[in-house]
Amino acid sequence: MVSASSTPLGPPSAPVSGRFLRRAAGLATVGVALAACGSGGTTGATAGVNYPTQTITIVVPFSAGGPTDTVTRLVAEPMSKSLGQQVIVQNVEGAGGTLGAGEVASAKADGYKLLLHHIGMSTAPALYANLPYKPLEDFKTIGLVTEVPMTIIGKSDLAPNTLAELVAYAKANKATITYANAGVGAASQLCGLLIEKAFGVDLTEVAYKGTGPAMTDLVGGQVDFMCDQTTNTTPQIKAGKVKVYAVTTAERVKSLPDVPTTTEAGLPDLKVGVWHGLYAPKGTDDAVIKKLTDALAAALKDPKVIAKMADLGSAPVAADQVTPAAHTKLLTAQLDLWGPVIKNAGVKTS
Ligand code: ASP
């Protein structure tokens, strides 16, 4: 349970839109690392020439079948083709994404264990007193991947039919209404904070290891509502298995044209979108990072990836955002943005 604070949460200008990502371009590239790579002192040049010679694992810090998993699997296949090695996905779930991120932070810096994470990379430091990694110091950024709107959805027989009705219902039923999320540090938890502030209610949160399993329970009617990426919610919305109240972006989402924005529905401050980025452990050779950035950039140009993302309400980031510099710039800005918002909300875990 989280208390809403009197300080505004989630400024309407929260930099989560495509415009923001495109503005983030233009930094100089990161410096050249001279350190030997983790695999027994191989020099940078040698590591870059030989890489990759074995299967690459991308850790998803949430459950299989959820939105982060979906995005990762979408890019893993074409990356595998261009790198000439299998790229597999491993779900290391729990603690709002921090377990998986922590595992990659301490992995061998050889380019064979990567992390695909989301906005949670920028919220966890303010949420966890003892986070076992520092986002900017313990990882190398590879590039931004996509940004995904969120949707506020409810179980199919939840009484309210509009966002305004949901606010009234949540207030009238605050002792019993339940909100599903993917744990402290998840995007769904961040959206829950914004909902608490915008609705003026404290939520009873039910935490899952990802919004894949949360969706199963929502469809089954075991929880009342949640806020999650369109990459997870679109199929269920279209199949009529959940009710949808609003999208949390400034503009309507093309693939869900009938769904109002939170602004249209009367809650303009309830805005958040989920950006995803690919990371390697710090110390990974820059020549290896370059190969991964190039493979990611190629994957994001794949027409099948673009079409599938569009079906799910998303799109690859602009090409100039698929760089370590753009990624680091956005991560830095998002750490600065969400840190104070979360501190003001009074959320802290150990
Ligand atoms: N959408 C989830 C979140 O709330 C994570 C996931 O399962 O991908 O962060």
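Between the residues 326, 64, 263, the greatest Cα displacement towards the positive end of the dipole of the chain, with unit charges on the Cβ of Lys, Arg, Asp and Glu, is found for 326.
Enumerate the residues in the range 122-144 having an amide nitrogen under 20 Å from the point lying 7 Å beyond the Cα of residue 290 toward its Cβ. From the range 122-144, the list is 140-144.
Computed from label points 7 Å out along Cα-Cβ, the spacing between residue 136 and residue 254 is 3.5 nm.
Based on alpha carbons, the Rg and Dmax found for the chain are 19.6, 65 Å.
With R₀ set to 41 Å, the beta-carbon distance separating residue 86 from residue 156 gives a calculated FRET efficiency near 0.55.
Mean sequence separation of contacting Cα pairs (under 8 Å, at least six apart), scaled by the length of the range 46-203, corresponds to a relative contact order of 23 percent. For the range 67-206, the square roots a ≥ b ≥ c of the C-alpha gyration tensor eigenvalues yield an a/c of 1.5 or more together with a/b exceeding b/c, which makes the shape prolate.
Were the residues from residue 318 through residue 241 laid out at 0.36 nm apart, the gain over their Cα-Cα distance would be 24.5 nm. Using R0 = 25 Å, the C-beta based FRET efficiency linking residue 53 and residue 106 works out to 0.65. A viscosity of 0.890 mPa s and a temperature of 25 °C, combined with the Kirkwood radius over C-alpha pairs in the Stokes-Einstein formula, give the range 293-350 a diffusion coefficient of 179 µm²/s. Of the peptides 181-188, 78-85, 108-115, the order by per-residue mean of other Cβ atoms within 10 Å, starting with the highest, comes out as 181-188, 108-115, 78-85. The calculated 222 nm mean residue ellipticity attributable to helices in the chain amounts to -11500 deg cm²/dmol, summing -39500 (n - 2.57) over DSSP H runs of n ≥ 4 and dividing by all residues.
The range 130-190: which GluC sites (Glu not before Pro) are DSSP loop and have at most 13 other beta-carbon atoms within 10 angstrom? Numbers along the way, then the final one.
Numbers: sites: 137, 147, 165; in loops: 137.
Hits after loop and neighbour filter: 137.
Overall size of the range 160-256 from C-alpha positions, given as principal axis extents largest first: 33, 28, 24 Å.
Hey, any idea what % of the range 199-350's accessible area is carbon plus sulfur with a 1.4 Å probe?
On the way: 3230 of 5720 Å².
Carbon and sulfur atoms account for 57 percent of the accessible area of the range 199-350.
Directionally averaged projected area (the range 155-196, Cα convex hull): 3.3 nm². In whole angstrom, how far apart do the alpha carbon centroids of the range 195-263 and the range 273-350 sit? So the two Cα centres are separated by 22 Å.
The values are calculated or read from the model by the stated rules, or taken from the named source; none is laboratory data. Nothing here was measured: the structure is a model prediction, and the numbers come from that model. Virtual Cβ from ideal backbone geometry, glycine too; neighbours counted across all protein chains shown. Only protein heavy atoms, including side chains, enter the accessible area calculation; ligands, DNA and RNA are left aside. Shrake-Rupley method; radii C 1.70, N 1.55, O 1.52, S 1.80 Å.
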